[in-house]
Amino acid sequence: MEQEVNIKQVVDYWKTEAERNYETAEFLYKGKKYSDCLFFCHLMLEKILKGLVVKQTKIHAPYIHELDTLVIRTNLDLNEEQMRQLKIINTFNIRARYDNIKKSFYQRCDKNYTEEYFNISKELYLWLKKEYQKK
């Protein structure tokens, strides 16, 4: 028998966790831990999207990490550019992947690349936070 979900509590949990991950990403960026910063950018977007999924569906968020799939479950209307950006950011979730993939990612994460995608992630995050108010 499935337990009843306290929607507000679950949504608040995801929103709070996303905010913590945003702060961590910012801290890591300032500390020049670029690949870790981008990993936390993925986490913050994943968590805010999961909160929006719960808000929309009234059930627990799925155990997935694919940002584009989560967007579909929110019924949000992201434009083509936002979806393209999310697909790139989705590749930042590499903690458990093969060493050659991680090495390639780490090499890509210089200051300029990280700054660009930290700013894109922040922009998406702030836009998604506004969606919390609308729904």
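The values are calculated or read from the model by the stated rules, or taken from the named source; none is laboratory data. All figures in this text were calculated on a predicted structure; none of them were measured in a lab. Positions of Cβ are backbone-derived with ideal geometry, glycine not excepted, and every protein chain shown enters the neighbour counts.
Give segment 63-90 a look and list any residue that's over 19 Å from K129 (Cα atoms) and not in a helix (DSSP H, G or I), or say none. Once the filter is applied, which keeps residues that are over 19 Å from K129 (Cα atoms) and not in a helix (DSSP H, G or I), segment 63-90 yields Y63, I64. Scanning segment 20-56 for residues that are among the charged types (D, E, K, R), at pLDDT 95 or above and within 18 Å of L128 (Cα to Cα) yields a total of 6.
Hey, any hits in segment 81-100 for a residue that's touching a His at 6+ places or on another chain (Cβ under 9 Å) and touching a residue at least 60 places away in the same chain (Cβ under 8 Å)? No: zero hits. Return yes when L70 is touching an Asp or Glu at 6+ places or on another chain (Cβ under 8 Å) and either surrounded by fewer than 17 Cβ atoms within 10 Å (Cβ to Cβ) or under 23 Å from V5 (Cα atoms) (or both) and no when it is not. Yes; evaluated as a whole, the condition is true for this residue. Residue count for segment 27-44, restricted to those that are out of contact with any Ser or Thr (no Cβ under 9 Å at 6 or more places or on another chain), without any contact (Cβ under 8 Å) to a residue 12 or more places away in the chain and in a helix (DSSP H, G or I): 2. Looking at (1) exposed (fewer than 12 other Cβ atoms within 10 Å of the Cβ); (2) within 13 Å of the chain's Cα centre (by Cα); (3) small (G, A, S), find the lone condition where G51 falls short. Every listed condition holds for G51 apart from (1).
Taking segment 45-62 as the range and being of a type in the set (V, I, T), over 14 Å from T16 (Cβ atoms) and part of a helix (DSSP H, G or I) as the test, the residues that pass are V53, T57.
Can we say I89 is surrounded by 11 or more Cβ atoms within 10 Å (Cβ to Cβ) and in contact with a Ser or Thr (Cβ under 8 Å, 6 or more places away or on another chain)?
Details: surrounded by 11 or more Cβ atoms within 10 Å (Cβ to Cβ): yes; in contact with a Ser or Thr (Cβ under 8 Å, 6 or more places away or on another chain): yes.
For I89, the condition - surrounded by 11 or more Cβ atoms within 10 Å (Cβ to Cβ) and in contact with a Ser or Thr (Cβ under 8 Å, 6 or more places away or on another chain) - is met.
Taking the conditions exactly as written (of a type in the set (S, T, N, Q), part of a helix (DSSP H, G or I) and surrounded by 17 or more Cβ atoms within 10 Å (Cβ to Cβ)), does Q107 satisfy them or not? No.
Each row is one residue, and each column tells you yes or no for (1) under 30 Å from K8 (Cβ atoms); (2) touching a helix residue (DSSP H, G or I) at 6+ places or on another chain (Cβ under 9 Å).
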residue	(1), (2)
C37	no, yes
M44	yes, yes
Q56	yes, yes
Y63	yes, no
D68	yes, yes
I89	yes, yes
S104	no, no
R108	no, yes
L128	yes, yes
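Against the numbered list (1) surrounded by fewer than 20 Cβ atoms within 10 Å (Cβ to Cβ); (2) within 23 Å of T114 (Cβ to Cβ); (3) in contact (Cβ under 8 Å) with a residue 40 or more places away in the chain, I7 comes up short only at (2). Which residues, counting only those in segment 104-133, are closer than 17 Å to V53 by Cβ and not aliphatic (A, V, I, L, M)? Hits for segment 104-133 are Y125, W127, K129, K130, E131, Y132, Q133.
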